[in-house]
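Following: one structure in structure tokens, then a few remarks.
Read the figures in this text as sums done on the coordinates, not as results from a lab. These figures come from a predicted structure and were not determined experimentally. Cβ placement follows ideal geometry from the backbone for every residue including glycine, while neighbour counts extend to all protein chains displayed.
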Amino acid sequence: MYSKCGFFGLAKSLFDSCPKLDPVSWLANLAKEVFEMIPDKDIVSWGTIIDGYVRVERLREALMMYRLMVSTGLGPSEVTMIDLISACGRAMAIVEGQQLHCVVVKTSFDCYDFVQATVIHLYSACGRI
């Protein structure tokens, strides 16, 4: 915008003052921008952005997106729960993992073997077994 209006010096100083982003952070930010442009987000689009954050080890952002998804009225899928609980285990985020475990029980996802194994891994990784 600045350079388009002829303020090249200001544009360069603003660009130079921005924190340097590594390629992973840059792609995560780009993915978030693309996600925000989706008019009618469904469980697949929400699950994809959550999984993207999990894959680059940005658990806080993944959990934030999960909470936003739930606030829109969409419930989680068992795949999303596995993704988030597994990430909590890797990050040793026991409190968040326990909260997600409660959601698993309330949504009856605890009947799936892979969900059960992921919950066991969470507690094992956090030294609770």
Simple spin-label model, 7 Å along Cα-to-Cβ: ALA31 to GLN116 in nm? 3.1 nm
Which loop trypsin sites (Lys or Arg not before Pro) in segment 63-129, with loop taken from DSSP, have no more than 15 other Cβ atoms within 10 angstrom of their Cβ? ARG128
Note down, for segment 24-125, the three equivalent ellipsoid semi-axes (square root of 5 times each alpha carbon gyration tensor eigenvalue), biggest first, whole angstrom. 23, 16, 10
